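Read the structure below first, then the notes.
The values are calculated or read from the model by the stated rules, or taken from the named source; none is laboratory data. Just so you know, these numbers come straight off a predicted model, no measurement behind them. Here the Cβ positions follow ideal geometry from the backbone for every residue, glycine too, while neighbour counts run over all protein chains shown. What goes into the accessible areas is simple: the full protein's heavy atoms, side chains included, and nothing from ligands, DNA or RNA. Shrake-Rupley method; radii C 1.70, N 1.55, O 1.52, S 1.80 Å.
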Amino acid sequence: MTRTLVLGGARSGKSAYAERLAAESSKEVVYIATATAGDSEMASRIAHHRAARPAEWTTVEEPLALGNQLLRWSSPERLIMVDCLTLWLSNLLFSGGQEYPDVGEITLPALFHEQQDMLASALTKCASDVVLVSNEVGLGIMPMGAVSRCFMDEQGRLNQSVAAICDRAVFVAAGLPLVLKG
């Protein structure tokens, strides 16, 4: 079993690269989608992604309990693809329904670190090959708002912790993969 983290910016080709890895695996694919349709534009994006996936893939929509789903679908005959950790982290950040201040200390919901710990544990126990997609958000300018800076910091920490667990890490830019690990 292998763990692969696929990183990249928005529209870098990271999801397409991860989907190629899944399709080439010759294993049953379980696709865990973390996106939620908060508005019509996002609903359209989700519909586009659903339509583009191979019909034989099992799709599981899970915005929060990602570690639980990894263990639920765990099997040596499967490859589990997660798209994406960035939306999952955003879901966790706003899971309490709270408003965040523009400045000052950000208090993260209890679920935030609990679910991240569960993901790390599940990645080490899962009997499937796993391909995880995540945005590399720290390559641009420093965000102005406190919650945006908090998100950028937490995304960087999450990517580092997942990369440490994974056997492979690949950075995708302009559709071109660059192997960082493995």
task: Identify the single condition in (1) under 20 Å from S134 (Cα atoms); (2) not in a helix (DSSP H, G or I) that A55 does not satisfy, given that it satisfies every other one.
output: (1)
query: Which of the residues belonging to region 117-150 are under 20 Å from N91 (Cα atoms) and among the small types (G, A, S)?
result: A120, S121, A122, S134, G138, G145, A146, S148
Test: residue in region 143-153 that is modelled with pLDDT of 85 or more and buried (at least 20 other Cβ atoms within 10 Å of the Cβ): yes
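Hey, can you tell me all the residues within region 1-38 that are of a type in the set (D, E) and surrounded by 13 or more Cβ atoms within 10 Å (Cβ to Cβ)?
Taking region 1-38 as the starting set, the residues that turn out to be of a type in the set (D, E) are 19, 24, 28.
Within region 1-38, E19, E28 qualify.
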- prompt: Given the structure, is R78 modelled with pLDDT under 95 and touching a Ser or Thr at 6+ places or on another chain (Cβ under 8 Å)?
  reply: no
message: Report every pair of residues separated by at least 6 positions or lying on different chains whose Cβ atoms are under 6 Å apart, first residue within region 42-63 and more than 18 Å from A16 (Cα to Cα) and among the acidic types (D, E), second in a helix (DSSP H, G or I) and open to solvent by less than 40 Å² (accessible area, probe 1.4 Å).
response: E62/Q69
- request: Of the numbered conditions (1) touching a residue at least 24 places away in the same chain (Cβ under 8 Å); (2) over 24 Å from E28 (Cβ atoms); (3) open to solvent by less than 70 Å² (accessible area, probe 1.4 Å), A174 fails exactly one; give the number of that condition.
  value: (3)
query: List pairs: first in region 87-110 and under 17 Å from R149 (Cβ atoms), second polar (S, T, N, Q) and modelled with pLDDT of 75 or more, Cβ under 7 Å, 6+ apart or cross-chain?
result: L89/Q155; L92/Q115
- prompt: In region 30-52, which residue that is touching a helix residue (DSSP H, G or I) at 6+ places or on another chain (Cβ under 8 Å) and part of a loop (DSSP other than H, G, I, E, B) is farthest from S75 (Cα to Cα)?
  reply: A37
query: Which is under 17 Å from A65 (Cα atoms), within 15 Å of the chain's Cα centre (by Cα) and modelled with pLDDT of 95 or more, of L87, L92?
result: L87
- line: Within region 39-64, of all residues that are among the charged types (D, E, K, R) and open to solvent by less than 70 Å² (accessible area, probe 1.4 Å), the one farthest from the chain's Cα centre (by Cα) is R53
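Assess whether K125 counts as being of a type in the set (D, E, K, R), open to solvent by 40 Å² or more (accessible area, probe 1.4 Å) and in contact with a strand residue (DSSP E or B) (Cβ under 7 Å, 6 or more places away or on another chain).
Considered against the rule, which asks whether it is of a type in the set (D, E, K, R), open to solvent by 40 Å² or more (accessible area, probe 1.4 Å) and in contact with a strand residue (DSSP E or B) (Cβ under 7 Å, 6 or more places away or on another chain), K125 comes out as no.
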- request: Could you please let me know if L70 is in a helix (DSSP H, G or I) and either under 25 Å from M152 (Cα atoms) or open to solvent by less than 30 Å² (accessible area, probe 1.4 Å) (or both)?
  value: yes
Unique match (being of a type in the set (A, V, I, L, M), in a helix (DSSP H, G or I) and free of Cβ contacts under 8 Å to residues at least 24 places away in the same chain) among M142, M152, M118: M152
